[in-house]
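The values are calculated or read from the model by the stated rules, or taken from the named source; none is laboratory data. Just so we're clear, the structure is a prediction, and the values are computed from it rather than from any experiment. Ideal geometry is used to build each Cβ from the backbone, glycine not excepted, and the neighbour counts take in all protein chains shown. These area figures cover heavy atoms from the full protein model, side chains too; ligands, DNA and RNA do not enter into them. Shrake-Rupley method; radii C 1.70, N 1.55, O 1.52, S 1.80 Å.
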Amino acid sequence: MTLPSTTAAKTNRVPWRVSLASFAGTTIEWYDYYIFGLLAATGVFSRLYFPEQDPATGLLLAFLTYAVGFVARPFGGMFAGHYGDKIGRKPMLVLSLLLMGFATLAMGLLPTYSQIGVWAPILLTVLRLVQGFGAGAEWAGAAIISTEHAPEGRRGFFGSFTQMGVPAGMLLANSSVLAVKGSVPADVFDAWAWRVPFLMSVLLIIVGLVVRAKLEDSEDFKELVAKKQTAHNPLGDALKKESKGVWLVVGMRLAENSAFYLYTTFSVVYIMRTFGAERANQGSMSVLIASAIGVIAVPLWAALSDRIGRKPLYLFGSIGGLLFFPLYFVMTDTGSALMATLAIIIGLAVFHNSMYGPQAAFFSELFSTKLRYSGASMGYQFGSVLAGGIAPLVAVALLNAGEGEPGWVILYFSFIGIVTVVSAVLAPETVKRVRGRLEAAPVSATNPSDEARVH
């Protein structure tokens, strides 16, 4: 029997180490990011930072502050994409974690409106912008470093460790908020206990920085650096040479990201209205259960994409999600906690996650190594600000306009869903186009039909 060499054994461990590091860092970042949305949905920010408004207006203003974070995400994505393609993925991943950690800690220490007046909502908005910038810098780097280190034929699975960080972060965020709310009276929660989940993130950030400090860039990127072939203007080159890939990512991102925030944030508001204030935790509990299932469902969908392709799963998720969304309201309006929870599980773990699981590999494979960070990051983050950032705000406004009836919300999501279905139809199947190392045959602006090209 021939035993594998020590070098080979170490090489085989690299994809796991990189992917687990991406998972840990992404989980921590999204824990920080989602706490804000959860507390906005429960009315804490509207009561403490917009107290002079009526409850409905205060909630809208809180969600507007929530949406502001998404405005900063494309800028974070472009900044990280530019330097990620020039100097490396790792420095941008460390920077994004530091920015998120600073903003989240500062939120936990921020005085309220009663203490410093109008400066309170202004500073809250500024910190949300910093969070958004950090989140924008995060995703593409984590996804790309995982897929670039992944072995051939398993990029979907290893890339999904980045995607798993989202439901894991949501799971931690929901758990921490519910634990604190369940431990203290409502007046104590509003007085100071709401700050605890923000302050707890300090320990998580330290762990994330230690883990990410050990990462290395892939051999593909190191080779570009050694040969001095990195792009001089990655953002401009991505928009000029691989623009179709950018726009396809924007389109495919719309319904996926909107669905996520509608189910995890807006649903908390809708369920609270349906069930009454005395069951205010029901929405958070439903999201908590769906997030726990998502940690398992995401890698399963991603592994399936390695076998049957990225495109079939994306079409399944986008078409299925479009058709199911009206049923979410039907199931929730029954007043049954079980039906409401089941509706969120189906919406997230089945239709959303069938798109989200393969996404890291799918979007990375649409771009060349030279422009991958910039192209994937721009498409992903512009899709985020057009979809997820405004989805809860628009949905709450449409729900108010419909006097509590969800018809306008369904129409809004239907339009978004159709755009994503069309984008998925136009996208190439990348599994068969990319072989060996992740040196993709990009979807170029001048030759979009080169799907048969194999590297």
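For the condition open to solvent by less than 10 Å² (accessible area, probe 1.4 Å) and closer than 21 Å to R155 by Cα, what is the one hit in G388, G379?
On the way: G388 fails: closer than 21 Å to R155 by Cα.
Every option except G379 fails the conditions.
Looking only at the range 420-441, which residues are modelled with pLDDT of 95 or more, in contact with a Gly (Cβ under 9 Å, 6 or more places away or on another chain) and surrounded by fewer than 18 Cβ atoms within 10 Å (Cβ to Cβ)?
V422, L426
Please enumerate the residues belonging to the range 259-281 that are of a type outside the set (V, I, T) and buried (at least 20 other Cβ atoms within 10 Å of the Cβ). Before the answer, list the steps.
First, the residues of the range 259-281 that are of a type outside the set (V, I, T): 259-263, 266-267, 270, 272-273, 275-281.
Passing the criteria: A259, F260, Y261, L262, Y263, F266, S267, Y270, M272.
Taking into account only those residues within the range 400-419 that are open to solvent by 60 Å² or more (accessible area, probe 1.4 Å) and assigned to a loop (DSSP other than H, G, I, E, B), which is farthest from M355 (Cα to Cα)? Walk me through how you get there before you give the answer.
Within the range 400-419, the subset open to solvent by 60 Å² or more (accessible area, probe 1.4 Å) is 401, 403, 405, 408, 411, 415, 418.
Okay, now just the ones that are also assigned to a loop (DSSP other than H, G, I, E, B), so 403, 405.
Values: E403: 32, E405: 28 Å.
Once the filter is applied, the top-ranked residue is E403.
Quick one: would you say S114 is of a type in the set (S, T, N, Q) and under 19 Å from the mean Cα position of the chain (by Cα)?
Numbers: of a type in the set (S, T, N, Q): yes; under 19 Å from the mean Cα position of the chain (by Cα): no.
So S114 does not fit the description; no.
Out of the residues in the range 215-258 that are of a type in the set (S, T, Y) and either more than 18 Å from A360 (Cβ to Cβ) or open to solvent by 10 Å² or more (accessible area, probe 1.4 Å) (or both), state the one that is modelled with the highest pLDDT. Let's see the steps before the verdict.
Taking the range 215-258 as the starting set, the residues that turn out to be of a type in the set (S, T, Y) are 218, 230, 243, 258.
Okay, now just the ones that are also either more than 18 Å from A360 (Cβ to Cβ) or open to solvent by 10 Å² or more (accessible area, probe 1.4 Å) (or both), so 230, 243, 258.
On the way: T230: 82, S243: 90, S258: 94.
Ranking the candidates gives S258 first.
State whether the residues of the range 137-151 include one that is in a helix (DSSP H, G or I), open to solvent by 40 Å² or more (accessible area, probe 1.4 Å) and out of contact with any strand residue (DSSP E or B) (no Cβ under 7 Å at 6 or more places or on another chain).
First pass over the range 137-151, keeping only residues in a helix (DSSP H, G or I): 137-149.
Add one more test, that the residue is open to solvent by 40 Å² or more (accessible area, probe 1.4 Å), and what stays is none.
No, the range 137-151 contains no residue that is in a helix (DSSP H, G or I), open to solvent by 40 Å² or more (accessible area, probe 1.4 Å) and out of contact with any strand residue (DSSP E or B) (no Cβ under 7 Å at 6 or more places or on another chain).
Need pairs with beta-carbon distance below 8 Å; first residue farther than 16 Å from T42 by Cα and in contact (Cβ under 8 Å) with a residue 12 or more places away in the chain and within the range 162-179, second assigned to a helix (DSSP H, G or I) and charged (D, E, K, R); sequence gap 6+ or separate chains.
Final answer for the pair search is G165/E29; G169/E29; G169/D32.
Could you check the range 21-133 for helices (runs of 4 or more DSSP H) lying wholly inside it with 3 or more residues that are in contact (Cβ under 8 Å) with a residue 24 or more places away in the chain, farther than 30 Å from A226 by Cα and out of contact with any Asp or Glu (no Cβ under 9 Å at 6 or more places or on another chain)? Before the answer, list the steps.
Details: elements: 44-49, 55-86, 89-109, 113-116.
The helices (runs of 4 or more DSSP H) meeting that bar are 55-86, 89-109.
Is the range 58-77 home to any residue that is among the hydroxyl-bearing types (S, T, Y) and within 20 Å of F266 (Cα to Cα)?
Among the residues of the range 58-77, at least one is among the hydroxyl-bearing types (S, T, Y) and within 20 Å of F266 (Cα to Cα), which makes the answer yes.
Within the range 55-77, which residues are open to solvent by 50 Å² or more (accessible area, probe 1.4 Å) and at pLDDT 85 or above?
Residue satisfying the conditions is F75 alone.
Please enumerate the residues belonging to the range 285-327 that are under 18 Å from the mean Cα position of the chain (by Cα) and small (G, A, S).
A290, S291, A292, G294, A297, A302, G317, S318, G321, listed by residue number.
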